[in-house]
Amino acid sequence: MSLVPPPLHFTGLIGSLFSFLQFLTNPLIGALSDVYGRRPMMLVCMATMVTSYAVWSMAFSFEVFLIARIIGGIGHGNVSLSTAIVADITPPKSKQRSRGMAMIGVAFSIGFIVGPMIGAAFSMYGVRSLLSTQEYPFQLPAFFAVAVATLDLLFLWARFRETLPEKNRAASLGDGIHTAVDLINPMALFSFSSALRGSSEKDRQSVRYLGWTYFLFLLLFSGLEYSLTFLTHDKFQYSRYVRVEPIA
């Protein structure tokens, strides 16, 4: 069994599909956590991520890898839940809340810095599959991801306590679903209607301006970042075996 490189439009689909599924499911995960609590939904999200990485480690075809990404995209609500948890345990408009939100961004950035280096280092060593004699360079990074995600899941199970008291939870799932639909609806999303209820017109205009600016920045930056891998491969023939020689 061998891995056949898919067409480039399919490789682009991998990145877009993961984000699109996050876009669809994150509001629903947030609504469920408002009713049932943060802890059970965080555990469900982490268990889904473990499953996604486990399927990825056995992805000897593009179709199986795509399934792994679909599973990951559906359950990847842990970052948005972390934001809600910080909001639960810190007073509004306080330095503690600002620090907590900043720590989420810092942790995310550290992961983006360290993660690719770990993956690249592990991909130098292929693993021979039990089903064939071919080496698969993605398996060691995938096994490492499974191990880290499993440890994270066990840590959350043992140490994480609920941050949303029952008295502060939503009375029914219906209100949360209504808000989730607003976040998925492009017209309501780009008008920021769900986030600006009860705000003054001046605040609404400011948030819309910042939101559109951030959207355009991410649109351009994500396209550049995702295309860089293909550029280095097509233009410079980079692969996992390339060694950069020092300049004499």
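The values are calculated or read from the model by the stated rules, or taken from the named source; none is laboratory data. On a predicted model such as this, the values are computed, not experimentally measured, just so you know. Counting neighbours? That spans all protein chains shown, and the Cβs are built from the backbone with ideal geometry, glycine included. The area values use the complete protein model at the heavy-atom level, side chains included, leaving out ligands, DNA and RNA. Shrake-Rupley method; radii C 1.70, N 1.55, O 1.52, S 1.80 Å.
Can you confirm whether residue 171 is farther than 24 Å from residue 75 by Cβ, assigned to a loop (DSSP other than H, G, I, E, B) and either among the β-branched types (Val, Ile, Thr) or modelled with pLDDT of 75 or more (or both)? So residue 171 passes the test.
If only residues of the range 122-168 that are open to solvent by 40 Å² or more (accessible area, probe 1.4 Å), of a type in the set (S, T, N, Q) and outside any loop (DSSP other than H, G, I, E, B) are counted, the one that is modelled with the lowest pLDDT is 168. Among all positions in the range 46-60, there is at least one residue which is in contact with a Ser or Thr (Cβ under 8 Å, 6 or more places away or on another chain) and assigned to a helix (DSSP H, G or I).
Candidates are the residues of the range 42-69 that are open to solvent by 60 Å² or more (accessible area, probe 1.4 Å) and of a type in the set (A, V, I, L, M); the one that is nearest to residue 156 (Cα to Cα) is 44.
When the range 70-106 is filtered for residues that are of a type in the set (Gly, Ala, Ser) and either open to solvent by 70 Å² or more (accessible area, probe 1.4 Å) or more than 23 Å from residue 20 (Cα to Cα) (or both), the ones remaining, listed by number, are 87, 94, 98, 100, 102.
The numbered conditions (1) modelled with pLDDT of 90 or more; (2) under 15 Å from the mean Cα position of the chain (by Cα); (3) of a type outside the set (Phe, Trp, Tyr) are all true for residue 88 except (2). Determine if the range 197-214 includes at least one residue that is assigned to a loop (DSSP other than H, G, I, E, B), open to solvent by 70 Å² or more (accessible area, probe 1.4 Å) and either of a type in the set (Ser, Thr, Tyr) or touching a residue at least 12 places away in the same chain (Cβ under 8 Å) (or both). Checking the range 197-214: not a single residue is assigned to a loop (DSSP other than H, G, I, E, B), open to solvent by 70 Å² or more (accessible area, probe 1.4 Å) and either of a type in the set (Ser, Thr, Tyr) or touching a residue at least 12 places away in the same chain (Cβ under 8 Å) (or both). Selection within the range 43-59: residues that are out of contact with any Phe, Trp or Tyr (no Cβ under 7 Å at 6 or more places or on another chain) and over 17 Å from residue 18 (Cβ atoms). The member of this set that is modelled with the lowest pLDDT is 58. With the structure loaded, tell me whether residue 119 is surrounded by 15 or more Cβ atoms within 10 Å (Cβ to Cβ) and in contact with a Cys (Cβ under 6 Å, 6 or more places away or on another chain) or whether it fails that test. No, not satisfied. Count of the range 4-23 residues, restricted to those that are at pLDDT below 55 and open to solvent by 70 Å² or more (accessible area, probe 1.4 Å), is 2.
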